[in-house]
Structures are given as structure tokens and as C-alpha cells.
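First comes the structure, then the notes that go with it.
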Amino acid sequence: MSTYETKLIARDIVAADTMIFEFERPQGFDFKAGQAIDLILVETEVAEAKGARHTFSIVSAPFENKLAIATRMRAASTFKLALKRLMVGTPVRIEGPYGSLTLRDNSRRAAVIIAGGIGITPFLSMARQAANDQSSQYLMLVYSNRRPEDAPFLSELTQLERLNVNFRLVATMTQASKSNIHWNGKTGPVDENLLQQAAGHFPEPVYYVAGPPMFVEAMRATLADMGIAESSIHSEDFFGY
């Protein structure tokens, strides 16, 4: 696995307690949508975080000339405290890419993507790349969050749905009543009924799941109850995101 030198070029808030960090894309760094990197802090005012590393899925798409990650900032960790304080221009290192949560090369089978919260990051990379390529593979994204303000990249995903006729977004909120934003979309958890509505008409789709471990476990159990073969389910747990 290769190590690359780069630097922070931008940062922004993308949802409640959630930030995106953009880095220069190192020369020769190639990856597939859905893969991840290790981010290593080289310079930081948080002394105990110097040299620390954290794994992040890549939220930018392979066609883009930048490299971006996004993360929840509510977790009280030394690494995230240091990351939040990084100034634009600060050098960092990355290792990778790695990971197998990538779209299988079979455009005849629809991809049903199930994301919980920050688990959207690898799937946004996929959706961006598919729109850029005008991919013929059908992507159905089922995206669960507590409230609209907790949903990273929701507006961009809505725009990608307009740009790509083979991409559809189904977003649901589990705590919409606690939101300060009006939500007239679906509410409640991702369950068998919602998945049947969204994807029941697809012949032999491939399922991809990412999010907090409890979410991924629940989705895998639901898919198993629906009779989906384990070989057609690919998942990734996001610990501490």
C-alpha cells in the first residue's frame, strides 16, 4: 500500500456536526468509487494527535481532481479535535486506497444501496461517478437519517437524481418530528416494506450497505429475511464515524 504527501485545500460543514475536508489529489493516486484511505496527521497543534491515523471512505469521485473525506464531528476524539483545527495548507499523509465496497462490474443487475447517516460517503462517490459517466447501471439509493439537517449531501443527491436517469434517491427520516426543517418525504426506519417498495421490482439486484454497525447488522438481517442471498449483499461498518 502506497503513502502519499498532500495538503488540506478546503473544509466545510455539510450537515449538523458533520464536516467535509478536501485535499490535493496526489499525482498517481488512483482509486475506485467506494474505496477508503487512512489519513495521517503530520502537523497539528494537538500534540498527542501527531502521527495519528484514521480510516475514511473517499467521498470524492475518481474523475475529480481533489480527494475528499467527510465525518461526524460529534465524537469526542483526539483525532477529530485535531482534524477540526487543521488550517488550509496543512500537510498530511494518506495511505491507500483499499477496500472492496465497490460496484460489481455487472450493469445488468441493479445496485440497491442502503446508507445510514455518514455511511453515505462511499455511495456519494459512486453516484457522482455514475452521473459523470452516464452509467447504464441502475442505482437505487435508500438513505436513512434522523432529521433532514443530519443528512449529509442530501441536496446534492437530489441534484444527481435529476442528472442521471439511472439513479433514484429514496430518503427517509426516523425523527422528522424533531426537525426544524419541514420534511414531506418518507419517515420511519428502513424496513422490509420500504425496501420492497423501492427495489422489489428489480430482478436479482445486488445490495450494498454502509453505516453504523447496528444499522448494518439490522439491514443484513432484514435482507436475509427477504430471502436475499448472502452473496448478493456487500456491507461496511463505520465505527466511530
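Among the residues of the range 88-105, which ones are over 23 Å from Ala15 (Cα atoms) and part of a loop (DSSP other than H, G, I, E, B)?
Residues satisfying the conditions are Gly89, Thr90, Gly99, Ser100, Leu101, Thr102, Leu103, Arg104, Asp105.
Given the conditions (1) assigned to a loop (DSSP other than H, G, I, E, B); (2) surrounded by 12 or more Cβ atoms within 10 Å (Cβ to Cβ); (3) small (Gly, Ala, Ser), report the number of the one that Ser235 does not fulfil.
Result: Ser235 passes all but (1).
Here's the yes/no breakdown for (1) at pLDDT 95 or above; (2) in contact with a His (Cβ under 9 Å, 6 or more places away or on another chain):
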position: Ala10; (1), (2): yes, no
position: Leu39; (1), (2): yes, yes
position: Glu48; (1), (2): no, no
position: His54; (1), (2): no, no
position: Ala61; (1), (2): yes, no
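Here is a list: Phe29, Phe23. Which entry is of a type outside the set (Val, Ile, Thr) and either assigned to a loop (DSSP other than H, G, I, E, B) or in contact with a helix residue (DSSP H, G or I) (Cβ under 8 Å, 6 or more places away or on another chain) (or both)?
Being of a type outside the set (Val, Ile, Thr) and either assigned to a loop (DSSP other than H, G, I, E, B) or in contact with a helix residue (DSSP H, G or I) (Cβ under 8 Å, 6 or more places away or on another chain) (or both) holds for just one of Phe29, Phe23, which is Phe29.
Within the range 33-87, can you find the residues that are of a type in the set (S, T, N, Q) and part of a loop (DSSP other than H, G, I, E, B)?
Matches in the range 33-87: Gln35, Thr44, Ser60, Asn65, Ser77.
Can we say Gln175 is at positive phi and in the same structural domain as Gln197 (by TED's automatic domain parsing)?
No.
Give the range 24-41 a look and list any residue that's in contact (Cβ under 8 Å) with a residue 12 or more places away in the chain and among the polar types (S, T, N, Q), or say none.
Residue satisfying the conditions is Gln35 alone.
Hey, can you tell me all the residues within the range 180-214 that are in a helix (DSSP H, G or I), modelled with pLDDT of 95 or more and under 20 Å from Leu154 (Cα atoms)?
Leu194, Leu195
When you check Glu217 against the structure, is it assigned by TED's automatic domain parsing to the domain that holds Ile120, surrounded by 13 or more Cβ atoms within 10 Å (Cβ to Cβ), free of Cβ contacts under 8 Å to residues at least 24 places away in the same chain and not hydrophobic (A, V, I, L, M, F, W, C), yes or no?
In short, yes.
Can you go through Thr90, Thr121, Thr158, Thr102 and tell me which one is among the hydroxyl-bearing types (Ser, Thr, Tyr) and over 18 Å from the mean Cα position of the chain (by Cα)?
Of the residues listed, the single one that is among the hydroxyl-bearing types (Ser, Thr, Tyr) and over 18 Å from the mean Cα position of the chain (by Cα) is Thr90.
Please state which of the following conditions Glu156 fails to meet, knowing it meets all the rest: (1) in contact with a helix residue (DSSP H, G or I) (Cβ under 9 Å, 6 or more places away or on another chain); (2) not in a helix (DSSP H, G or I).
The one condition Glu156 does not meet is (2).
The values are calculated or read from the model by the stated rules, or taken from the named source; none is laboratory data. Just so it is clear, the structure is predicted and the values come from calculations on it, not from any experiment. Note that we place each Cβ from the backbone using ideal geometry, even for glycine, and neighbour counts take in every protein chain shown.
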